[in-house]
Ligand SMILES: Cc1cc2nc3c(=O)[nH]c(=O)nc-3n(C[C@H](O)[C@H](O)[C@H](O)COP(=O)(O)OP(=O)(O)OC[C@H]3O[C@@H](n4cnc5c(N)ncnc54)[C@H](O)[C@@H]3O)c2cc1C
């Protein structure tokens, strides 16, 4: 067989036929897009990923030597379009495939790629990220979890929090401090750790909207092989930066490693401003129409922004930090939508008791997590800092702790 890449149209036809023969069709009676992920769903999504892998449709943009297909973003987009009517292993997209696997592809050793990257693509392994700590996620380089080298192992102590889907994952990419005498960015290391271990106490966190994707983890002498170090010791900031690049890209909607799109069914099904305005009888109201029009304009801008920045980063025209622009838009545009929804729904969003008023009730509940959009994947303020300092090359913010040994930096208890 020749090495020439299959055309997108040929691939689309092949994918269409394969999906019809192999993947389950969306069930109109089933709830998708729910806040809380049932345990059963994780089992199903692992099985769906295994199916994609066996059929040669998993990890389309990952290289073949690690279980992917070595295809282009255009092939991935075609596959996503074709798979819209089918159940897809969407829960494995973020963070396992788009963030952790992306980072491992760029920074992992050959052995790590064969085990964890191939494992994630084939559906055998789910990965998550252990970055944030209670002392603050924005100042990631100020983290306190420590790893001590002991022969062929590292011994880890500390605490992580806000870890998305950790309870369902097998391994995590964990950023730890390995040198307390180096300045804060230079004493970090990225280590792959098992999520479920006797030395790790994992606790799930229930959020105000009823979702329970987050976990927090407490490590007491967690021992991991030194071979799990990604990159070199004390260069974890470089590795972490790569992971954050993929995170901003995934959160912003421009990842080549996500496959499939959330079905428009479930508790937030059809939750558009137009539907909402119709439901509350405001679709002819001028002020409401203005809100709807403005949001539609923002959505169009966002779509174009993702396209433009993705192409720019792929060609090298834009620096990698440009992913912060997508990430920032992903904070401000959904928040504008939530605000508009609440305004249109009015009091009904929180008081409605009418049976079957799905839109109205979900507006109130979703609004409770409005702020999450400007925190997950790094905060909107940090994105603005990055755009100004790393894309526009404006002067850097003053940092009193720069070049100071981490041990000497004053911090709260
Ligand atoms: C949906 C979601 C998923 C997440 N998933 C994960 C995950 O899988 N793994 C993980 O490790 N973490 C995860 N997080 C945590 C996330 O990375 C942090 O919430 C984020 O980095 C902010 O950290 P923080 O919450 O500690 O807020 P803080 O860092 O305490 O910041 C609080 C506020 O201060 C502002 N601020 C802080 N420093 C500055 C500054 N220098 N300039 C201007 N403003 C500043 C921030 O923008 C923010 O508004 C997730 C969060 C969300 C909401």
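The values are calculated or read from the model by the stated rules, or taken from the named source; none is laboratory data. Everything numeric here is computed off the predicted structure, so don't read it as measured data. Neighbour counts run over all protein chains shown; Cβ positions are idealised from the backbone, glycine included.
Among the residues that make up region 362-385, is at least one of them in the same structural domain as residue 277 (by TED's automatic domain parsing), farther than 23 Å from residue 162 by Cβ and surrounded by fewer than 14 Cβ atoms within 10 Å (Cβ to Cβ)? Within region 362-385, not a single residue is in the same structural domain as residue 277 (by TED's automatic domain parsing), farther than 23 Å from residue 162 by Cβ and surrounded by fewer than 14 Cβ atoms within 10 Å (Cβ to Cβ). Among the residues making up region 121-141, those that are part of a loop (DSSP other than H, G, I, E, B) and surrounded by 14 or more Cβ atoms within 10 Å (Cβ to Cβ) are 123, 124, 125, 126, 131, 132, 133, 135, 137, 139.
The listed residues are 97, 144, and the only one of them that is touching a residue at least 24 places away in the same chain (Cβ under 8 Å), buried (at least 22 other Cβ atoms within 10 Å of the Cβ) and within 15 Å of the ligand (Cβ to nearest atom) turns out to be 97.
Within region 68-84, the residues that satisfy the criterion of being outside any helix (DSSP H, G or I) and more than 21 Å from the chain's Cα centre (by Cα) are 69, 70, 71.
Has region 132-141 got at least one residue that is more than 9 Å from the ligand (Cβ to nearest atom) and either under 18 Å from the mean Cα position of the chain (by Cα) or outside the structural domain of residue 100 (by TED's automatic domain parsing) (or both)?
The initial filter retains those residues of region 132-141 that are more than 9 Å from the ligand (Cβ to nearest atom), namely 141.
Right, trim to either under 18 Å from the mean Cα position of the chain (by Cα) or outside the structural domain of residue 100 (by TED's automatic domain parsing) (or both) and you get 141.
Within region 132-141, one or more residues are more than 9 Å from the ligand (Cβ to nearest atom) and either under 18 Å from the mean Cα position of the chain (by Cα) or outside the structural domain of residue 100 (by TED's automatic domain parsing) (or both).
Can you go through 6, 65, 44, 81 and tell me which one is surrounded by fewer than 17 Cβ atoms within 10 Å (Cβ to Cβ) and closer than 27 Å to residue 109 by Cα? Show your work before the answer.
Working: 6 fails: closer than 27 Å to residue 109 by Cα; 44 fails: closer than 27 Å to residue 109 by Cα; 81 fails: closer than 27 Å to residue 109 by Cα.
Every option except 65 fails the conditions.
With the structure loaded, tell me whether residue 398 is in contact (Cβ under 8 Å) with a residue 60 or more places away in the chain and within 24 Å of residue 136 (Cα to Cα) or whether it fails that test. Taking the combined requirement at face value, the residue does not satisfy it.
When every residue of region 223-234 is checked against the conditions, at least one turns out to be modelled with pLDDT of 95 or more, assigned to a strand (DSSP E or B), in contact with a helix residue (DSSP H, G or I) (Cβ under 6 Å, 6 or more places away or on another chain) and not assigned by TED's automatic domain parsing to the domain that holds residue 92. Hey, any hits in region 369-385 for a residue that's more than 29 Å from residue 249 (Cα to Cα) and in contact (Cβ under 8 Å) with a residue 12 or more places away in the chain? Checking region 369-385: not a single residue is more than 29 Å from residue 249 (Cα to Cα) and in contact (Cβ under 8 Å) with a residue 12 or more places away in the chain. Screening region 344-413 for helices (runs of 4 or more DSSP H) wholly inside it with 1 or more residues that are closer than 25 Å to residue 247 by Cβ and at pLDDT below 90 returns the ranges 358-367.
Rundown of residues vs (1) at pLDDT below 90; (2) in the same structural domain as residue 352 (by TED's automatic domain parsing), yes/no style:
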| site | (1), (2) |
| --- | --- |
| 236 | no, no |
| 279 | yes, yes |
| 283 | no, yes |
| 293 | no, yes |
| 298 | no, yes |
| 318 | no, yes |
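From the list 103, 88, which residue is outside any strand (DSSP E or B), under 30 Å from residue 48 (Cα atoms), at pLDDT 95 or above and within 16 Å of the ligand (Cβ to nearest atom)? Full working, then the answer.
Values: 88 fails: within 16 Å of the ligand (Cβ to nearest atom).
After applying the criteria, what remains is 103.
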